[in-house]
Amino acid sequence: MFFNEEFETLPRPALEALQLKRLQTVLERVYASVPFYKASFDRAGIKPADVASLADLQRLPFTTKQDMRDAYPYGLFAAPMEDIVRIHASSGTTGKPTVVGYTQRDIETWTDLMARSLAAAGVHRGDIIHNAYGYGLFTGGLGAHYGAERLGASVIPISGGNTKRQIMIMKDFGSTVLTCTPSYSLFMAEAAREEGVDFRNLKLRVGIFGAEPWSEAMRGEIEEKLNLAAIDIYGLSEIMGPGVAIECIEAKHGLHIWEDHFLPEIIDPETGMWVAPGEKGELVITTITKQGIPLIRYRTRDITSLSYEPCPCGRTHARIARMSGRSDDMLIIRGVNVFPSQIEAILVGIEGVEPHYLLIVDRKDNLDTLEVQVEVDERLFSDEVKVLQGLAKRIEKEIKDMLGVTCTAKLVEPRTIARSEGKAKRVIDNRQLV
Amino acid sequence: MKVEQISVFIENKSGRLAEVTRLLGDAGVNIRALSLADTSDFGILRLIVNDREKAKTVLKENGFTVSKTEVVAVEVPDRPGGLSQILQTLDSNSINVEYMYAFVERCGENAVIIFRFDETDKAIQALQDKGFTVLAGERLYSM
């Protein structure tokens with residue numbers, strides 16, 4: 001089902017003409033209003049007027065998450081603060097999060113695109129949407145909420161947590177659509193089983209899952225356990241939030257990226273050059289309609305491929321493959337972004353802790369787990385049990401406070417964490433996601 | 001009047017304790033007393049040995065985290081109530097016992113208990129004032 005049939009099925013030549021026009025407009029705009037872009041374009045020796053085709057995009061410099069951090073909080077905003085009506089920030093980062101601002105028109109666009117995404121997943125007026133994405137600085141909750149309302153569906157803003165109550169409400173309110181992270185959906189299924197609630201007796205028809213990587217195998221498990229069609233959605237706060245791309249219910253094969261607003265490229269993360277069509281690489285997105293914080297060639301660090309094959313659903317927008325990894329070391333643990341360097345910074349901050357550590361990520365009972373192993377050297381060691389246990393508790397607490405992720409700290413003997421050529425392996429991810 | 005104890009961090013996995021005792025045995029270090037405090041994840045092995053420097057060196061060389069701690073060895077009359085009198089003395093002086101364990105050898109007619117106090121000097125003074133015998137380290141290592 002279409003929400004905006006004209007734009008969703010725009011023939012490629014017309015779509016590309018629109019993209020170029022919008023790209024040229026946004027380039028002029030950021031060059032004039034954001035000092036960062038003026039400086040970076042000047043360094044690259046390119047002016048907005050030099051971009052005469054979509055292929056010229058390759059000549060523009062990239063924008064990275066670090067650029068956003070350096071510009072903290074508002075340095076990359078292209079609209080005056082009087083025009084910003086909403087501020088979100090990326091979840092779970094120490095020190096400086098990445099901050100994004102939306103003008104009223106940006107919110108309208110996001111709402112429309114989220115409504116478009118929900119419609120593509122088969123959601124319609126009359127549906128009852130159980131929105132278990134977190135509400136707050138995280139874009140998930142509010143993004144899905146506004147889109148659901150725009151579509152004319154009934155939205156239950158339940159947010160995350162209190163799983164027993166979630167199940168009761170889902171059952172009593174007759175929810176037909178579930179929106180949450182894929183791992184939380186399986187956690188719910190388990191909790192429902194314990195409560196004696198059978199998903200086959202619920203009215204759920206569609207689940208829209210995102211904010212963390214998942215696999216085809218997991219889709220099969222979710223569809224079986226929750227008795228619904230599981231749809232993959234993609235988004236990131238830097239670009240907009242949820243609703244950047246979504247699978248259509250007709251094909252469930254690749255996520256349509258809304259190309260009238262986002263210009264996707266796939267690059268080799270090492271060289272920065274375009275890969276051959278259809279090949280895997282890092283997804284780079286340029287926002288071509290955003291006003292608050294337009295991003296030019298933003299490196300998402302997500303690994304995927306891009307397909308322009310026609311889709312049975314009739315949409316002409318390219319499809320990105322299910323995300324198959326990251327080109328950096330970022331971990332997504334229960335929907336929270338975690339960089340090993342953040343944990344290292346916390347460990348250094350704890351008096352005496354030499355940052356010789358290992359992160360072990362796993363998935364138990366459908367929930368991600370994080371174990372932080374820390375080697376106990378002489379400065380940390382005590383002959384008293386309570387002192388060492390206190391140290392482990394403190395590590396757990398500081399990581400929870402700073403990153404918002406629950407972990408268990410395990411103290412290990414020195415030199416038990418493998419070192420290779422001077423640089424230790426910092427992460428073991430045992431989750432079988434791809 | 002203090003005794004030097006060696007403490008070793010041991011991960012809770014099989015063979016680690018055996019490794020410590022093997023290393024000490026091979027180095028000719030004799031263990032005079034020991035206690036093991038354990039949790040689900042790790043243990044702390046506390047040792048009184050005849051040759052502290054050698055023990056420390058060999059364990060460190062083999063990657064163990066080792067520290068030295070000052071503890072107190074007290075002679076305890078080997079009869080009912082013997083230990084109780086000592087603990088009452090400590091309690092009336094508001095001294096906390098972090099942990100304690102028994103020494104293997106007897107000292108004449110008396111048993112020997114190793115104590116770790118929160119205030120070591122104050123504890124020694126209080127015990128001696130009450131007439132208890134606090135053993136010097138040198139005597140203990142060679143017992």
Hull-based mean projected area of the stretch B:70-141, where the convex hull spans the alpha carbons, in square nanometres: 4.5
Long-range amide H partners of residue B:112 with built H, under 5 Å: B:76, B:103, B:107
Cα gyration tensor category, rounded, prolate or oblate, for the stretch A:220-297 with a/c compared to 1.5: oblate
DSSP bridge orientation in the stretch A:332-429 - percent antiparallel, rounded to nearest 5: 60
Amide proton proximity set for residue B:33, modelled H, under 5 Å, gap of 5+: B:48
Lys, Arg +1 and Asp, Glu -1 on Cβ, resulting dipole of the stretch A:5-328 about Cα centre, debye, nearest 20: 420
Which listed pairs, of A:164/A:364; A:225/A:252; A:65/A:410, have C-alpha distances above 22 Å, in listed order: A:65/A:410
Kirkwood-based Rg to Rh ratio, the stretch B:3-69, C-alpha trace: 0.92
Cα gyration tensor shape of the stretch A:14-147, rounded if a/c is under 1.5, else prolate or oblate by comparing a/b with b/c: oblate
Neighbour-count ranking [beta-carbon atoms within 10 angstrom, fewest first] of B:22, A:43: A:43, B:22
Theoretical ellipticity at 222 nm over chain B - DSSP helices of four or more residues, -39500 (n - 2.57) apiece, nearest 500: -9500 deg cm²/dmol
Convex hull of Cα atoms in the protein assembly as shown, direction-averaged projection (nm²): 33.9
For the protein assembly as shown, share of DSSP beta bridges that run antiparallel, in % to the nearest 5: 75
Average beta carbon contacts from partner chains per residue of A:379-392, 10 Å cutoff: 5
Neighbour-count order for A:253, A:88, fewest beta carbons within 10 angstrom listed first: A:253, A:88
Debye, to nearest 20: dipole size of chain B, +1 on Lys, Arg Cβ, -1 on Asp, Glu Cβ: 240
Rough spin-label spacing in nm, given labels placed 7 Å along Cα→Cβ, for residue A:107 and residue A:2: 2.9
Compactness index (Cα Rg / 2.2 N^0.38 Å), chain B: 1.08
3J(HN,Hα) from dihedral phi, the stretch B:78-88, Karplus parametrisation 6.51/-1.76/1.60, rounded to Hz, x for glycine, proline: 7, 8, x, x, x, 6, 4, 4, 5, 5, 5
Estimated inter-spin distance, residue B:60 and residue B:102, nm [label 7 Å along Cα→Cβ]: 3.4
Long-range HN-HN contacts of residue A:85 with modeled amide H, under 5 Å: A:102, A:103, A:104
Residue exposure sequence - A:208, A:333 - by fewest surrounding Cβ within 10 Å: A:333, A:208
Nitroxide proxy distance, nm - points 7 Å out along Cα→Cβ at residue A:49 and residue B:19: 7.1
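Computed from the coordinates by the stated procedures, all read-outs in this text should not be read as laboratory data. Bear in mind that the values here come from a model prediction, so they are computed numbers and not experimental data. Because the Cβ atoms are built from the backbone with ideal geometry, glycine has one as well, and the counts that use them run over all protein chains shown.
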